[in-house]
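The values are calculated or read from the model by the stated rules, or taken from the named source; none is laboratory data. All values reported here derive from a predicted model rather than from experimental measurement. Cβ sites come from the backbone with ideal geometry, for glycine too, and all protein chains shown count toward neighbours. Just the protein is used for accessible areas: all its heavy atoms, side chains included, with ligands, DNA and RNA removed. Shrake-Rupley method; radii C 1.70, N 1.55, O 1.52, S 1.80 Å.
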Amino acid sequence: MLKKFFFFIYVVFFKNTPEDYRPYALFFPALRAFLVRNYLKSCGKKLRVKKGAEISPNSSIGYDSELGTRSMIQANVTIGDHVIMGPDIKIYSRNHKDDRIDVPIQVQGKHYLSTKIGNDVWIGANVIITAGVTVGNHCIIAAGAVVTKDVADYSVVGGVPAKLIRMRNE
């Protein structure tokens, strides 16, 4: 019940408080992080939550990671340690079913999948990560990329759909 309270307080009152680089931000960044940390399924220390970030209570985030400005993260998403996010990223964990052509897509229901982001990942601005994707450790997702397939460890990917640009460990 307390988790629902923290979620409500965050969404209604503190989600859109001033960003940490503003001189008038005061205590708001710390309060956003406190509220989110206390409503998530699990959360590591040193969480940073930027203005307007939305994350489902049924998600997890690791140590020293951040939620980017106006990010949107659905349920069943696991985010590792030391993950940084640019603004306006979307991480999905569900999608509409479209198997039948005799029934409108709108009424076919949804697929619920787990989406995972590894450790030490940099997700650029305006990235979309689709449901069920696993992003490996030490990856960079270039700004504007749409990630539709799993990304191997140490990969740098970009584009629509995202393709391998180079490996960080070569």
Review point. Is it fair to say Asn119 is within 13 Å of Ile61 (Cβ to Cβ) and touching a His at 6+ places or on another chain (Cβ under 8 Å)?
Key: yes
Revision key, fill the gap. The condition from (1) farther than 20 Å from Val160 by Cα; (2) surrounded by 15 or more Cβ atoms within 10 Å (Cβ to Cβ) that Ile89 misses is numbered (1)
Exercise for review: Would you check which residues across region 115-131 are open to solvent by 30 Å² or more (accessible area, probe 1.4 Å) and in contact with a strand residue (DSSP E or B) (Cβ under 7 Å, 6 or more places away or on another chain) and list them?
Suggested key: Lys116, Trp122, Ile128, Thr130
Revision key, fill the gap. With criteria (1) open to solvent by 10 Å² or more (accessible area, probe 1.4 Å); (2) in contact with a strand residue (DSSP E or B) (Cβ under 7 Å, 6 or more places away or on another chain), Ser71 comes up short on (1)
Exercise for review: Return yes when Gly109 is of a type outside the set (S, T, N, Q) and surrounded by 17 or more Cβ atoms within 10 Å (Cβ to Cβ) and no when it is not.
Suggested key: no
Check your understanding: Does region 76-83 contain at least one residue that is farther than 26 Å from Ala143 by Cα and of a type in the set (Val, Ile, Thr)?
Key -> no
**Study point:** For Val151: the one exception among (1) open to solvent by 70 Å² or more (accessible area, probe 1.4 Å); (2) aliphatic (A, V, I, L, M); (3) over 19 Å from Lys50 (Cα atoms)
**Key:** (1)
Practice item. Identify the residue in region 1-28 that is basic (Lys, Arg) and either part of a helix (DSSP H, G or I) or in contact with a Lys or Arg (Cβ under 8 Å, 6 or more places away or on another chain) (or both) and, among all such residues, is surrounded by the most Cβ atoms within 10 Å (Cβ to Cβ). Key: Lys15
Check your understanding: In region 68-85, which residues are free of Cβ contacts under 8 Å to residues at least 40 places away in the same chain and either part of a loop (DSSP other than H, G, I, E, B) or of a type in the set (Asp, Glu) (or both)?
Key -> Arg70, Ser71, Ala75, Asn76, Asp81, His82
Point to revise | Residues within region 29-58 that are touching a Lys or Arg at 6+ places or on another chain (Cβ under 7 Å), small (Gly, Ala, Ser) and either under 16 Å from Met1 (Cα atoms) or open to solvent by 20 Å² or more (accessible area, probe 1.4 Å) (or both), tallied | key: 0
